[in-house]
Every structure is written in structure tokens, then in C-alpha cells.
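Everything below concerns the one structure shown next.
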Amino acid sequence: MAVIAPSRNVPTHIAIIMDGNGRWAAARHLPRAFGHRAGAEAVRRITEACAELGIRYLTLYAFSWENWDRPQEEIHDLMALLDEFLAREAPTLHRHRIRLRAIGRLQELPPATTVNLRRLMDETARHEGMTLTLALSYGGRQELVDAARRLAQLAREGRLDPQHIDEELLARHLYAPDLPDPDLVIRTAGEQRLSNFLLWQSSYAELYTTSKTWPEFTTAELLEAMAAYGRRERRFGRRTTVPVG
Ligand code: IPE
Ligand code: IPE
Ligand code: MG
């Protein structure tokens, strides 16, 4: 697959709200777990496609803070799939020189999963290809709460003057301060909401939704989302650069 030449119209950072695994399974009269398994296949497919297309950062919303409220059985299935992904996809990550990261309240994950996750993050830390970030046990509000706690702690220790808190300092206390903000946020399965994903970082992201469920999301769909992004004019509150009238 050809690498798209870097241009201002190609997103540097794509973030995806992978939704619709349950509906994919229901439409096929299959248990939800089958939908999550098909979703894991889509993760591999789209990760490889993004790496081959030269995307620098891909962030996947894999498990939200609110998803802890799902039935224990489903949580168990999702964690087992995550373990399987971490065990099976190491060669894929190495082959494409992909660096694995994770954001979220990782301390809430099962201890064995955290160990597997940290091991693969360490093993891929020096890869200089795409950065793949998994949002796990992640919530945008929780991330801001955690940042506020850290800043308050620093202030209490006398190491921070509250007057010095500005956007840059707050951003430096988020889970992965070195990641650039997403340029393009894709959501599958027709829903038009952020569901607590990257609330701070997405303030000027371009949103793209598709009715396709996550297991149905193909490289062609990805290219369509990127093409739509390429046609957008990002103004960041400034005046249009396209002459009007
Ligand atoms: C996305 O699929 C996966 C997770 C949220 C973990 P869903 O499980 O939300 O599927 P739907 O929305 O019920 O179809
Ligand atoms: C968002 O999907 C979370 C992930 C994709 C991990 P949900 O299915 O949990 O979102 P809602 O409940 O429809 O908003
Ligand atoms: Mg859903």
C-alpha cells in the first residue's frame, strides 16, 4: 500500500471510538462475545492499514471508564480478548515498528493484564514507526480529575503556584502529554457522541461518523474518512482562508 505523502490534509493523529460490536453480533444472531472478537480483528486490520499509510498516531478507544458498569461476564470477555491481543499481536507491532502506549486508569485493569500491557509497551518503546495508543479504563472526565489531583498535590507541597496553572501546564498533567491532539476522531455504528473520549484533546478535532459497525470497518472506510478530513477546512476560530462571495 502506498504511503500517502505528508501534507497538511493528512491527519497526523487519528482517534477511533470503536463502537457497534454488540450490534454486529446481534444482527448475526451471535453472542456479544463474537462481536468483540470480530472487533479485535478490525483492530489488527486498521492498525496495520494506518501504519502502512504513514499515520503517525492512532488512538483506539477500547474500554471506557463507564464500561466497568457492564455485566461482569462481558468485562471478563473483553479483558480476555485484550490479553489475547497483547500476546498475539506483538509480531505485528514489531514488524511495523509500532510503539504501543496506553491511557486511562490502568491500575483498575486486572493485574495480569497490566503486566502484559506494560511488558509490550516496554518491548516496543524504542520503535520509531506509528504510535498506537489504547484507551483502556479511560474517561476524559476522569483524566481531567486525575490531572487536577496532581496539580493540587504539587500546590499543597509548595511546588506549584496556582497562578501558574495555564492550558499548557494542565495538558502536561494528562495521561500522555507528549501525544499531539487528535486531528480526526472517527466513530463507528452511527452514534454521534464522544462518550467521554479525549474531551480535552478533541476540542478542535474533526469528527467523522459512519453507520458501519466497528467489525465492518475496512481500509476502504478508513480511506473514506481520511478523504472527508482532507476536504475540511480547519479554522481553529480564525477567519476562513477560502475567499467567499
Ligand atoms: C464497542 O462495542 C466495544 C466496547 C464499547 C467495549 P459495543 O459493545 O459498545 O457494541 P454496541 O454499541 O452494543 O453495538
Ligand atoms: C464508547 O462506546 C466506548 C468505547 C468504544 C470503548 P459505548 O458503547 O460504551 O458508548 P455509549 O454507551 O453508546 O455512549
Ligand atoms: Mg456501544
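Looking at (1) without any contact (Cβ under 8 Å) to a residue 60 or more places away in the chain; (2) of a type in the set (A, V, I, L, M, F, W, C); (3) touching a Cys at 6+ places or on another chain (Cβ under 6 Å), which one does Leu58 not meet, given that it meets all the others?
Of (1) without any contact (Cβ under 8 Å) to a residue 60 or more places away in the chain; (2) of a type in the set (A, V, I, L, M, F, W, C); (3) touching a Cys at 6+ places or on another chain (Cβ under 6 Å), only one is false for Leu58: (1).
What pairs can you find where one residue is in the stretch 1-26 and closer than 23 Å to Leu134 by Cα and among the aromatic types (Phe, Trp, Tyr), the other is at pLDDT 95 or above and surrounded by 14 or more Cβ atoms within 10 Å (Cβ to Cβ), and their Cβ atoms are less than 8 Å apart, with a gap of 6+ or different chains?
Sorted first by the residue in the stretch 1-26, then by its partner, the pairs are Trp24/Gly35; Trp24/Ala38; Trp24/Gly39; Trp24/Thr213; Trp24/Trp214; Trp24/Pro215; Trp24/Glu216.
Residue by residue through the stretch 155-165, note down the ones that are of a type outside the set (D, E, K, R), open to solvent by 60 Å² or more (accessible area, probe 1.4 Å) and part of a helix (DSSP H, G or I). Lay out the reasoning, then the answer.
Let us first name the residues in the stretch 155-165 that are of a type outside the set (D, E, K, R), namely 155, 158, 160, 162-165.
Filter again for open to solvent by 60 Å² or more (accessible area, probe 1.4 Å), leaving 158, 162-165.
Matches in the stretch 155-165: Pro162, Gln163, His164.
Give the stretch 173-216 a look and list any residue that's assigned to a loop (DSSP other than H, G, I, E, B), touching a Leu at 6+ places or on another chain (Cβ under 7 Å) and open to solvent by less than 60 Å² (accessible area, probe 1.4 Å), or say none.
His173, Pro182, Ser202, Ala205 - these are the residues of the stretch 173-216 that are assigned to a loop (DSSP other than H, G, I, E, B), touching a Leu at 6+ places or on another chain (Cβ under 7 Å) and open to solvent by less than 60 Å² (accessible area, probe 1.4 Å).
Looking for something at pLDDT 95 or above, more than 16 Å from ligand 3 (Cβ to nearest atom) and of a type in the set (Val, Ile, Thr) - is there at least one such residue anywhere in the stretch 218-225? Let's see the steps before the verdict.
Taking the stretch 218-225 as the starting set, the residues that turn out to be at pLDDT 95 or above are 218-225.
Restricting the remaining residues to those that are more than 16 Å from ligand 3 (Cβ to nearest atom) gives 218-225.
Those still in the list that are of a type in the set (Val, Ile, Thr) too: 218-219.
Within the stretch 218-225, one or more residues are at pLDDT 95 or above, more than 16 Å from ligand 3 (Cβ to nearest atom) and of a type in the set (Val, Ile, Thr).
Can you list the helices (runs of 4 or more DSSP H) found entirely within the stretch 8-93 that contain at least 3 residues being more than 14 Å from ligand 3 (Cβ to nearest atom) and open to solvent by less than 30 Å² (accessible area, probe 1.4 Å)?
Fully inside the stretch 8-93 and qualifying: 32-53, 72-88.
Sort through Ala102, Ala135 and tell me the only one that's farther than 16 Å from Arg44 by Cβ, within 16 Å of ligand 3 (Cβ to nearest atom) and touching a strand residue (DSSP E or B) at 6+ places or on another chain (Cβ under 6 Å).
Working: Ala102 fails: within 16 Å of ligand 3 (Cβ to nearest atom).
Going through Ala102, Ala135 in turn, the sole match is Ala135.
So is Gly129 touching a helix residue (DSSP H, G or I) at 6+ places or on another chain (Cβ under 9 Å) and either among the small types (Gly, Ala, Ser) or within 27 Å of Arg56 (Cβ to Cβ) (or both) or not? Before you say what the answer is, go through the steps one by one.
On the way: touching a helix residue (DSSP H, G or I) at 6+ places or on another chain (Cβ under 9 Å): yes; either among the small types (Gly, Ala, Ser) or within 27 Å of Arg56 (Cβ to Cβ) (or both): yes.
So Gly129 passes the test.
Consider Glu168 carefully, then state whether it is part of a loop (DSSP other than H, G, I, E, B) and open to solvent by 80 Å² or more (accessible area, probe 1.4 Å).
So Glu168 does not fit the description; no.
For residues that are closer than 24 Å to Ala171 by Cα and in contact with a strand residue (DSSP E or B) (Cβ under 8 Å, 6 or more places away or on another chain), scanning just the stretch 188-200, find the one that is nearest to ligand 3 (Cβ to nearest atom).
Among those that are closer than 24 Å to Ala171 by Cα and in contact with a strand residue (DSSP E or B) (Cβ under 8 Å, 6 or more places away or on another chain), it is Ser195.
Working only within the stretch 102-129, note down all residues that are open to solvent by less than 40 Å² (accessible area, probe 1.4 Å) and either closer than 19 Å to Pro177 by Cβ or part of a helix (DSSP H, G or I) (or both). Give the derivation first.
As a first pass, look at the stretch 102-129 and keep what is open to solvent by less than 40 Å² (accessible area, probe 1.4 Å): 102-106, 109, 113-114, 117, 120-121, 124, 127, 129.
Matches in the stretch 102-129: Ala102, Ile103, Gly104, Arg105, Leu106, Thr113, Thr114, Leu117, Leu120, Met121, Thr124.
Take the residues in the stretch 6-42 that are among the basic types (Lys, Arg) and modelled with pLDDT of 95 or more; name whichever of them is nearest to ligand 2 (Cβ to nearest atom).
Going residue by residue through the stretch 6-42, those that are among the basic types (Lys, Arg) are 8, 23, 28, 32, 37.
Subsequent filtering for residues that are modelled with pLDDT of 95 or more retains 23, 28, 32, 37.
Numbers: Arg23: 10, Arg28: 18, Arg32: 11, Arg37: 15 Å.
Going through the qualifying residues, I end up with Arg23.
Report yes if some residue within the stretch 147-154 is at pLDDT 95 or above, part of a loop (DSSP other than H, G, I, E, B) and over 14 Å from Ser203 (Cβ atoms); otherwise report no.
Step one: filter the stretch 147-154 for residues at pLDDT 95 or above, giving 147-154.
Filter once more, keeping what is part of a loop (DSSP other than H, G, I, E, B): none.
No, every residue in the stretch 147-154 fails to be at pLDDT 95 or above, part of a loop (DSSP other than H, G, I, E, B) and over 14 Å from Ser203 (Cβ atoms).
Would you check if there is a residue in the stretch 103-112 being without any contact (Cβ under 8 Å) to a residue 60 or more places away in the chain and within 16 Å of the chain's Cα centre (by Cα)? So that I can check it myself, show each step before the final result.
Pass one, the stretch 103-112, residues without any contact (Cβ under 8 Å) to a residue 60 or more places away in the chain: 105-112.
If we keep only those that are within 16 Å of the chain's Cα centre (by Cα) as well, we get 105-106.
So far as the stretch 103-112 goes, yes, one or more of its residues are without any contact (Cβ under 8 Å) to a residue 60 or more places away in the chain and within 16 Å of the chain's Cα centre (by Cα).
The values are calculated or read from the model by the stated rules, or taken from the named source; none is laboratory data. Note that this is a predicted model, so its numbers are computed, not measured. Cβ sites come from the backbone with ideal geometry, for glycine too, and all protein chains shown count toward neighbours. When the accessible area is computed, the model is the full protein with side chains, heavy atoms only, and any ligands, DNA or RNA have been set aside. Shrake-Rupley method; radii C 1.70, N 1.55, O 1.52, S 1.80 Å.
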